[in-house]
Structure formats: structure tokens, C-alpha cells
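Visitor: Take a look at the following structure, please.
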Amino acid sequence: MMRSYFVILIVCLLTVSCGSERQKKDDLKNLSWDEITQGAEGQTVNWMMWQGSPYVNNYINNYVIPEVKERYNINLEISSGQGNQIVSTLLTEIDAGKEVSNIDLAWINGETFYQLREINALYGPFTDQLPNSDYVDFDNPIIKYDFQKPVNGYEAPWSLTQWSMIYNSEKVDNPPRNMEELEAYVKANPGTFTIPNQFVGMTFLKNLMIEMAGPEALSGDFDAETYQKYSSRLWEYLNRIKPYFWKDGQTFPSTPAAMNQLFSNGEINFSMNFGTRIDNAVDDGTYPTSARVYLLESGTIQNANYVGIPKKSAHKAAAMVVANFLLSPEAQYKKMQPNTMANNTVLAVDKLPENWQQKFNDIPESNYAPPREELSARALQELGPEYMIRLNEDFRTKVIQQ
Amino acid sequence: MIPSLWLNYMEFFKNKLNHSRLDLFGITLFFLLAVLPLILGVGYAFLYSTGLFGALSDGFTLSHWQEVLQNFEVYYSFGFSIYIAAAAMSISILLALTGTLLFNKQIDEGFFSYIVYLPLAIPGIVASLFIIQLLSGAGLLSRISFQLGLIDSVRSFPGMVNDQWGIGIITAMVMLATPFFMIYFQTIYKSERLDELDRLATTLGSKRFITALKVKVPIILSRAFPTMLLYYIFMMGSYEIPLLLGQQSPQMVSVLTIRKLRRFNLLDIPQAYVIAILYIVIILSVVIYLFKKRRLSYDL
Amino acid sequence: MTSKGKYVLLGVITFLFLFPFAYIVLLSLAQNWSFPAVWPQTITLDNWKIIFSSQGGMTYSLVISVVISLSVAFFSTLCGFITSKFIAYSAHRQKLMLFSYFPFILSPVIYAGCLYFFFIKFDLSGTVAGVVLAQLIIAYPYAVIIFSGFWSDKMKNLEQLVTTLGGNTWQSYRKVLLPSATGMLLVCFFQTYLISWFEYGLTAIIGVGQVQTLTIKVFQYIQEANIYYAALAACLLILPPAILLYVNKRFVFKTQH
């Protein structure tokens, strides 16, 4: 009896673990798009992405996955991993001399893209092979440069987001729009403001640095001296107002979701977000109806995020088909609907066919945010990736550990 | 060539050492699953930490070791871990001793003997979820206090989760450890026949309470010492609980190591291995000490 | 302490032990429970219904967790039993037992971090088999420790008796050793099952986010601040062991000692 149980278990294990076919189709650059789509049939794509937003997960699980299965017969699987996990996974694969990567597609931008290029882990250039890239304006600096580094076709654009602040209009009449006003505010209302200790919060710090230095001083290649100069002022400022933060600045929320919870139960009066449309969050109760989006006086950072294909992926054809689908007008339009990611498209609307142009232009303004023109007027370009890396570290050593 | 080597190995084992093939299987498994991973894991960590391995390394260097040892963060982390585990352990032992001494019959059999096992069905993650829901600013205790008029807003509730004393972490650990030790102490109580000892002491004129303090407690603690020490080490290396209930700095050892391993600054990764080795060395020393000093009882 | 006072205290303790379970179940039934309400504003079975139908849902996590934990429990109990015999009777008992204690108390997550490279190298990262193997590395030595108390002189004599009477190894196992060890085998199976069932850090690292066990799901939902679904996953995680513990205690421990 035990023996048969043994056998059954072994069989179970083997069937469950035998997921991936280890094919090697590399020379995709010379194939036509039809050949690529054909080669992609029946393949499984493992997409590693940040799963911290229920709206993103909803869009992916309930729209993208069924659609690519129906249209292209591709099995899209999601595994959870934020930027640094993607980098360390691919780095360990290189260390181990692996021929075939576990990951076929990765949601990346900024410092993740930069580090993946440094360790030469990405496949490319591939974006010019995607038919839907005709609708993208690759000369638009927001898309052409990822955190000031040229993309050069090594990642396909996916969405455009602008960082924004959210405040509770019932509790705050005049939200602070610059550093001085913020200092006055927290001193008058202690315990109602905080910064999340991850990329959304670090982008807030970048906005403050741009406020101090002006966008030109920090653009282009990273300069250690310039960084030193403005960051030391930044740490001084933060340490001065830190005691008036939530929990006396002794601890900071570690995820945007945690911060949103504090905001929604009234512990703090502000939240931060990548994205300017909070309609779906208000509708499902994540935010109170009194939540409003606003930007800082000196503007806020707008960036694009992309999907990249690891060099050693065994399913590059299918990954490219998925990337192309994500870039299609249908998928981009759906992405702007409530209940999905509700952020901006990377497509150049004037390059689209007539009916799509109409559709995109008809998307209503958000009920809770300033009009689109005002938002884009205050959009700033991202800073170099080294800023994110340094700010992450220095925030810990120079503010948290003080 | 390999098959013949294998045959020789088996022959040697069978003849020289007088063991059956099953034993051979057993010891090979032990080597493969218990010894080898240890050697490989520690070896890899050591090589990576000294720069002898890794796509981004430049060759042998002690710089990572220097950076870690010169940085306060590691010492705070180890210190914090020691403090948390010690606090959680002491509270749990105190509660468990009281519980066992008062209720040893009920723990042995009856309705309560099933109840006492229940918390063992809770893993660290769920305990953390529960503690967040109970003790956080907008948690159950805060709401009850609000309803009772003890606090007037969400913000007035004292911070017990993600706080600097690790109250949330300690509570979660106590929640899991106390029932375990209650059961464990009770089995010791039974096997050492402590109620007979109790009767004897009473006939000799000692008060119940004094007997408890001077006789039963030392016996229980002495028998339980190896397990308590091992559980203490287990608490120190806890990951899920401090991950969810701890603050950014200081962090407990496991959280710190994994954070450094997954850091954006890829040059931080060797530091994670340095910390891992430091931790392993400390644990190893403690366990070896334990083996040298006394025979470990095997009733974990 | 008065007898009555004792029973009151016992009642309080019982309540405290039961409370987490009740609370988690209640949480899983809620959809709206904000400050300062002490009872959920909405209670519904919808959460439980939704989760079993949505894509990438709980059913997969539940099944995969059961498969992994059963495999780990089975292999570690079986192999632990066989190995512990050799170790118990060997001259190097102390040194070998040292190796057994080590993985049990070393933080599994740090251990996984150090071994991750090898899992990638042998194509085991992100696979169910890889996760099972990694959990075995923690559970198997634990099984060896559990069984080490079983092998005594009495057992040795029994075995020799079988050999004298003309039996072989297989027979001695089947007729003598396994039957007397039944209680311990079940205890070990159960405990190693729990070790695997509750494991998070190691699974997260070796599974690379692809092997989504229930513990990983709980963590994900907490990260998303979706506490109702997190509580739901937590229910699936704690209710089976709670029931098994009852069964274990009721039927297994009765036949022992």
C-alpha cells in the first residue's frame, strides 16, 4: 500500500513540475511578425511583476491573461517580484551559468532597467519588430529615456504615470505645495503626514530635490557632488520636520497599501501615488470620497514603465506577442478604464486610427483630480537611476536610523 | 566506471561495517540532505562574501566584511534580535509555568487538553495578521478603547505594531510559544512524577506554593533547558513575524539578511552573506556548546 | 487559589486560545469593517465564493500546498525513520546528531538564501519539486531527531531476535519495527506536514514567486492591504491543522504511552 502511494506521489510531483518546454528559439530578429506569432502559439510566458496593486492585478488577471489565451493561445503566468527581486534573480541565474531563464517577461523601469542593462541580462533591441510600436512616439523624451538612460529598444513601453499627492479635503483646506508649506503644516498638525519607505516615497524625495535644485541641475548623468549638495539639505530638512510625522517619525509605512489604509481610516491626511486618477479607489472604498489629487508647485515626476525580455528566456516569441498586445489600442484603452490601472497611455493618440482617437479623447476627466492639461503642464522628467539607488540607502541611514 | 564505484561502496559498507542496504540508503540520504546542503550553503556564502564568487565581484576582498563589521546596523540588529527573543521567551516561560502548575490535570486530559493544542495550528504569518488586526492604530483594541471613551481619535492609540520596543512582535511570539511550552512542561511534569513529589513534600510539611517554587519549577526548567534554548534560537531567526510587525530599523537578523540580499544596490549582496555567516557561526557555537555540556534530551 | 477562581481563569485562558480562530473566521466573512466599528458592517459568504472562482485563485494554492506538504511529510518521515536507526546505533551519534539539529534551528529563510544559487543551477528554482526539496532539507533532519528517541536497546534486541529466527531486513521492518513505531510515525508525519504547511520565507525564495502556496497568498493579500482575503487564506491555512490536531490527539496519543 505504501509503495503505490509512493509511486503516485512521485508521478504527481513530476507532472506538476514539468511545466516548461526548454526550447531555444533565438534568432527572432530575422523573422517576420507572422512567423513570430506562429512560433508563439501554445507557449507559456512567465511574467514577473509587482503585485502590490489590486487594480493592476485585476486588469492582468481578468483581462490580459484571458485575452492573450484567446487571441494567441499563449499561457500567461504571473509571478510576484518587485524590481530588485527581478534583478537579483537574473543575476543569480548568470552566476549559476544558467542557459534558460525562469522569467520570460518583466515589468521594469528606472533603476531596474539600468541594472539589468549593466549585467547585460536583457534581450533586444526588439521594440521595432512590434507592429503596435507604430502607434508610439519613440522620440517623446518620456518614452525614449528611462530615468535619463536611453531605452534603445531594450524594453517596450507599457504605461505612463505621474506621481501625485492625495489629500483629504475634509480635514485639510489648503494642502502644502512646497517644502516651506509642508514644514508649516506638519508643525501645526503633527502626526498626520508620513512617507512610505519604498519607490513611491523615494519619488517624493526626488520631487523635493528638484524643487530645491531646479530640473536642469539634476538632469543628465548622475553627478556625485550635485547629489551630495542637495541631498544633505534634504536630510537636514527631513530630520527637522521628522518629529512631527506620523508616529513621531519613528517608523514609516513600508508599502503604499499600508499607507493607503492609514489614509482611509483617518490616521494620516495625505497619501502618495503613482497615478492621477483615483476614481476606482474612491468607488471601491479604498479612499474616502473626500480624497483629492494635487501636485506640488514645482511639479511632479512623470515616468513611463516598460516590459522587458530577459536574454535567456526560452519563450521570447510569445513574450514579444504579449508585449505587443499590451501596446495595442484595445489593451491601452481598457487600461484607462476604472477598475483597471486607470493611468495614461503610452500611445501617441494622433498616430492612432480615427475611431480610436475619438475613443481616447472621449475619456472623461477624473472627478477627483485637476484637469489633464494642468497635470501635464507640471510633469517633470525622471532623474537618473543612481538617484533612486542612493536615496533608498541614504533615507535609511540618514533619516530612519537617526 | 560510476556503477562499479557504487558497487564497491556498497560492498564496503555491507561487509566492513556490518550494515544492511537500508542503512546504507539511510546514511547516504543523511549526507545528501543534511550534511551536503550545509557545506554547500555555508561554502557559497563564504565565497560570495569574500568576493571569490559572483558576477560582479573583482576577486578576493575583505571589504565586505569590513563594511558590515564597521556598520552599526548589524550590531543593532543582532542586539535587537537577542532582546526580542529574550523578552518573548521569558514571558512565555513564566506564563507556561504558571499555567502548567495550576492546570496540569486539565492539560493532561479533558476538554482543555484539546484547546491548549489549538494555537499550535497557527503559523507565524497568521499570528502576525491577527496581531496587526488586534493591536494596530485602527485595530480591535483601539476601536474598543474608542467606544469606551478611553481615546478620542485613531491617532491617540499607543503604537504597538511596528514600534521600537517590538511589542507586536513579542506578543505574536508569546501567543505561539506559551501553549507549546505548557504542553511540553506538562509532559515533563508527568514523566518526572511531580505530583507524587508534591504529595511527598506536603507530608513533610511544605506548603504547596513553596513546593512549586523550590522543587517543581527547578526540575521542569532543568529538564526543559535544551528545548528552551533551541526555541530561543528559533525565535531569534524568526522571519515572517518581524517582517510584518517590525519597524525599518533595527530589524531582526533574518529580515535584515534577506533585505540586503534583495537590495537595489547589487553591491550589498555580499554583505547579506557576511551577516548570514556571522549568524550561522553564532548558532553553531551555541549548539556545540550545548552538546559538549550536557546530553540533549530527544523529546522535542 | 480557590477552586472557583481557578475555573474562571481556565475559562479566560480558553477564550484567549479560541479567540484568534473566531476573529480570523469573522474577518474572512467581512467586506467592510472600518474604524471604529467593533463588529463588521457587512458579513457575507461572498468572499468565500469569489475566491474559488477567480483566476490564479485559492483553489490552486490550496491544492499545491497540500501536495507539497504531503510530499514533504511522507519523504521526511520515511527517510528520517530509516536514517535515524543508523545514527542511533552508530558510534558517531553525537556528531551526526549535531548536523540534524542545525537546519531545525537555523533560520530557514537564511538557509534558503544561501542555497538559492544551487537551486537555480539545477533548474529547481520556481518549481514545485524544488520547493519540496528545500522544505525536505529542513524537515528531514527534524524527523531524524524525532525518531532518535525510538531506537533503544530493546529495539536492537528485537531486531536481532528476528535475524536469529531467520528473518531478513524487510521482514523485521514490516513485522516488528514499523508496527511498534506507528504512533511515532504518525506524530512525525503530522509535525513535518505542519513544518511544510506553515513555511513562508523559504518557499518565497526558492519558489521565486511562482509556487504560490497558501502562506504566500496570505502574505500577498496583506501586502495589498486586502485583509478580508488575507483572512480567508488564513482560514484555509489554520482550519485543517486545527482539525488534524484534534484527530491526532484523540486517536494517536491514546495508543501511545
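The values are calculated or read from the model by the stated rules, or taken from the named source; none is laboratory data. Everything numeric here is computed off the predicted structure, so don't read it as measured data. A quick note on method: Cβ atoms are made from the backbone with ideal geometry, for glycine too, and the neighbour counts reach across all protein chains shown. Side chains are part of the model used for accessible areas, which takes the heavy atoms of the whole protein and leaves out ligands, DNA and RNA. Shrake-Rupley method; radii C 1.70, N 1.55, O 1.52, S 1.80 Å.
Visitor: Only one residue in B:Ser238, B:Ser254 is in contact (Cβ under 8 Å) with a residue 60 or more places away in the chain, within 12 Å of chain C (Cβ to nearest Cβ) and in contact with a Gly (Cβ under 8 Å, 6 or more places away or on another chain). Which one? Give the steps one after another, and end with the answer.
Guide: Numbers: B:Ser254 fails: in contact (Cβ under 8 Å) with a residue 60 or more places away in the chain.
Testing whether each residue is in contact (Cβ under 8 Å) with a residue 60 or more places away in the chain, within 12 Å of chain C (Cβ to nearest Cβ) and in contact with a Gly (Cβ under 8 Å, 6 or more places away or on another chain) leaves just B:Ser238.
Visitor: Could I ask something else about it? Filter the range B:55-111 for residues that are of a type in the set (D, E, K, R) and in a loop (DSSP other than H, G, I, E, B); which is surrounded by the fewest Cβ atoms within 10 Å (Cβ to Cβ)?
Guide: Looking only at the range B:55-111, we keep the residues that are of a type in the set (D, E, K, R), and these are B:58, B:67, B:73, B:105, B:108-109.
In the following step, the residues that additionally are in a loop (DSSP other than H, G, I, E, B) were identified as B:58, B:109.
Working: B:Asp58: 8, B:Glu109: 12.
Selected residue: B:Asp58.
Visitor: Oh, and also: List the pairs whose first member sits in the range B:195-211 and is under 14 Å from B:Thr100 (Cβ atoms), whose second member is modelled with pLDDT under 80 and aliphatic (A, V, I, L, M), and whose Cβ atoms are under 9 Å apart, counting only residues at least 6 apart or on separate chains?
Guide: Correct list of pairs: B:Asp198/B:Ala212.
Visitor: Shifting gears a bit: Could you tell me whether any residue of the range B:92-101 is of a type outside the set (Phe, Trp, Tyr) and more than 23 Å from the chain's Cα centre (by Cα)? Please lay out each step first, then the result.
Guide: Applying the first criterion (of a type outside the set (Phe, Trp, Tyr)) to the range B:92-101 yields B:92-101.
When the remaining residues are screened for being more than 23 Å from the chain's Cα centre (by Cα), the result is B:101.
Checked the range B:92-101: at least one residue is of a type outside the set (Phe, Trp, Tyr) and more than 23 Å from the chain's Cα centre (by Cα).
Conditions (1) under 19 Å from C:Ala225 (Cβ atoms); (2) under 21 Å from the mean Cα position of the chain (by Cα), marked per residue:
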residue	(1), (2)
B:Leu134	yes, no
B:Leu141	no, no
B:Phe146	no, no
B:Ser153	no, no
B:Trp165	no, yes
B:Ile169	no, yes
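Visitor: Looking only at the range A:316-367, count every residue that is part of a helix (DSSP H, G or I), open to solvent by less than 40 Å² (accessible area, probe 1.4 Å) and modelled with pLDDT of 90 or more and tell me the total.
Guide: 14
Visitor: Considering every residue within the range A:133-155, establish whether at least one is among the aliphatic types (A, V, I, L, M), out of contact with any Ser or Thr (no Cβ under 6 Å at 6 or more places or on another chain) and assigned to a helix (DSSP H, G or I). Before you say what the answer is, go through the steps one by one.
Guide: Quick first cut of the range A:133-155, residues among the aliphatic types (A, V, I, L, M) only: A:136, A:142-143, A:151.
Filter again for out of contact with any Ser or Thr (no Cβ under 6 Å at 6 or more places or on another chain), leaving A:136, A:142-143, A:151.
Those left that are additionally assigned to a helix (DSSP H, G or I): A:142-143.
Yes, that holds for at least one residue.
Visitor: Could I ask something else about it? If you scan the range A:121-159, which residues turn out to be over 21 Å from A:Gln381 (Cβ atoms) and open to solvent by less than 20 Å² (accessible area, probe 1.4 Å)?
Guide: The initial filter retains those residues of the range A:121-159 that are over 21 Å from A:Gln381 (Cβ atoms), namely A:121-126, A:128-135.
Result: A:Ala121, A:Leu122, A:Tyr123, A:Gly124, A:Phe126, A:Leu130, A:Ser133.
A quick yes/no check of all residues on (1) open to solvent by 10 Å² or more (accessible area, probe 1.4 Å); (2) of a type in the set (Asp, Glu); (3) under 25 Å from B:Leu40 (Cβ atoms); (4) facing chain B (nearest Cβ under 7 Å):
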residue	(1), (2), (3), (4)
C:Asp46	yes, yes, no, no
C:Tyr60	yes, no, no, no
C:Val72	no, no, yes, no
C:Leu78	yes, no, yes, no
C:Met97	no, no, yes, no
C:Phe119	yes, no, yes, no
C:Gly126	yes, no, yes, no
C:Val132	no, no, yes, no
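Visitor: So, of the residues in the range A:55-88 that are touching a Lys or Arg at 6+ places or on another chain (Cβ under 9 Å) and among the aromatic types (Phe, Trp, Tyr), which turns out to be surrounded by the most Cβ atoms within 10 Å (Cβ to Cβ)?
Guide: Restricting to residues being touching a Lys or Arg at 6+ places or on another chain (Cβ under 9 Å) and among the aromatic types (Phe, Trp, Tyr), the top hit is A:Tyr59.
Visitor: Right, here's the next one. Which condition does B:Ser238 not pass, out of (1) modelled with pLDDT of 90 or more; (2) assigned to a helix (DSSP H, G or I), if it passes all the others?
Guide: (2)
Visitor: Among B:Lys207, B:Lys216, which is open to solvent by less than 20 Å² (accessible area, probe 1.4 Å), farther than 29 Å from B:Phe78 by Cα and not hydrophobic (A, V, I, L, M, F, W, C)? Reasoning before the result, please.
Guide: Details: B:Lys207 fails: open to solvent by less than 20 Å² (accessible area, probe 1.4 Å).
Answer to the check: B:Lys216.
Visitor: Turning to a different aspect of this structure: For the range C:142-166, which residues satisfy the criterion of being of a type in the set (Val, Ile, Thr) and open to solvent by 20 Å² or more (accessible area, probe 1.4 Å)? I'd like the intermediate steps shown before the answer.
Guide: Initial filter on the range C:142-166 (of a type in the set (Val, Ile, Thr)): C:144-146, C:162-164.
C:Ile146, C:Val162, C:Thr163, C:Thr164 - these are the residues of the range C:142-166 that are of a type in the set (Val, Ile, Thr) and open to solvent by 20 Å² or more (accessible area, probe 1.4 Å).
Visitor: Another question, then. Find all pairs meeting these conditions: Cβ atoms under 7 angstrom apart; at least six residues apart or on different chains; first residue within the range B:155-168 and modelled with pLDDT of 85 or more; second residue surrounded by fewer than 20 Cβ atoms within 10 Å (Cβ to Cβ).
Guide: That search, which allows pairs on different chains as well, returns B:Met160/B:Ile167; B:Gln164/A:Gln250.
Visitor: Another question, if that's okay. From the residues in the range A:183-221 that are open to solvent by 10 Å² or more (accessible area, probe 1.4 Å) and within 19 Å of A:Arg396 (Cβ to Cβ), which one is nearest to the chain's Cα centre (by Cα)?
Guide: A:Phe199
Visitor: Now, a different point. A:Gly52: at positive phi and either more than 10 Å from chain C (Cβ to nearest Cβ) or surrounded by fewer than 23 Cβ atoms within 10 Å (Cβ to Cβ) (or both), yes or no? So that I can check it myself, show each step before the final result.
Guide: Details: at positive phi: no; either more than 10 Å from chain C (Cβ to nearest Cβ) or surrounded by fewer than 23 Cβ atoms within 10 Å (Cβ to Cβ) (or both): yes.
Answer is no for this residue.
Visitor: Output the residues belonging to the range C:226-245 that are more than 15 Å from the chain's Cα centre (by Cα) and either modelled with pLDDT under 80 or open to solvent by less than 30 Å² (accessible area, probe 1.4 Å) (or both). Give the steps one after another, and end with the answer.
Guide: Kept after step one, since they are more than 15 Å from the chain's Cα centre (by Cα), are these residues of the range C:226-245: C:226-233, C:235.
Within the range C:226-245, C:Ile227, C:Ala230, C:Ala231, C:Leu232, C:Ala233, C:Cys235 qualify.
Visitor: Ok, one more. Those residues that are within 14 Å of chain C (Cβ to nearest Cβ), surrounded by fewer than 21 Cβ atoms within 10 Å (Cβ to Cβ) and free of Cβ contacts under 8 Å to residues at least 60 places away in the same chain, I need them from the range A:96-120; list them, please.
Guide: Listed by number, the residues that qualify are A:Ala96, A:Gly97.
Visitor: I'd like the residue in the range B:135-151 that is part of a helix (DSSP H, G or I) and more than 8 Å from chain C (Cβ to nearest Cβ) and, out of all such residues, is farthest from B:Ile183 (Cα to Cα).
Guide: Selected residue: B:Ser145.
Visitor: Evaluate the following for C:Arg174: is it charged (D, E, K, R), within 9 Å of chain B (Cβ to nearest Cβ) and either open to solvent by 30 Å² or more (accessible area, probe 1.4 Å) or under 14 Å from the mean Cα position of the chain (by Cα) (or both)?
Guide: Working: charged (D, E, K, R): yes; within 9 Å of chain B (Cβ to nearest Cβ): no; either open to solvent by 30 Å² or more (accessible area, probe 1.4 Å) or under 14 Å from the mean Cα position of the chain (by Cα) (or both): yes.
Judged against the criteria, C:Arg174 is not a match.
Visitor: Determine which single condition A:Ala304 fails, assuming it passes every other condition in (1) modelled with pLDDT under 85; (2) of a type outside the set (Phe, Trp, Tyr); (3) touching a strand residue (DSSP E or B) at 6+ places or on another chain (Cβ under 6 Å).
Guide: Going through the list (1) modelled with pLDDT under 85; (2) of a type outside the set (Phe, Trp, Tyr); (3) touching a strand residue (DSSP E or B) at 6+ places or on another chain (Cβ under 6 Å), A:Ala304 breaks only (1).
Visitor: Next up: Which of the following residues is free of Cβ contacts under 8 Å to residues at least 24 places away in the same chain, over 30 Å from C:Ala231 (Cα atoms) and in a helix (DSSP H, G or I): C:Lys156, C:Lys175? Please lay out each step first, then the result.
Guide: Numbers: C:Lys156 fails: free of Cβ contacts under 8 Å to residues at least 24 places away in the same chain.
Of the residues listed, the single one that is free of Cβ contacts under 8 Å to residues at least 24 places away in the same chain, over 30 Å from C:Ala231 (Cα atoms) and in a helix (DSSP H, G or I) is C:Lys175.
Visitor: Keeping to the range B:287-300, report how many residues are under 16 Å from the mean Cα position of the chain (by Cα) and either at pLDDT 80 or above or outside any helix (DSSP H, G or I) (or both). Reasoning before the result, please.
Guide: Residues of the range B:287-300 under 16 Å from the mean Cα position of the chain (by Cα): B:287, B:290, B:300.
Next cut, either at pLDDT 80 or above or outside any helix (DSSP H, G or I) (or both) only: B:300.
So the count comes out to 1.
Visitor: Does the range A:186-197 include one or more residues that are away from chain C (no Cβ under 14 Å) and free of Cβ contacts under 8 Å to residues at least 40 places away in the same chain?
Guide: yes
Visitor: Then there is this: Only one residue in C:Leu27, C:Leu16 is open to solvent by 60 Å² or more (accessible area, probe 1.4 Å) and not in a loop (DSSP other than H, G, I, E, B). Which one?
Guide: Values: C:Leu27 fails: open to solvent by 60 Å² or more (accessible area, probe 1.4 Å).
Of C:Leu27, C:Leu16, the one residue that is open to solvent by 60 Å² or more (accessible area, probe 1.4 Å) and not in a loop (DSSP other than H, G, I, E, B) is C:Leu16.
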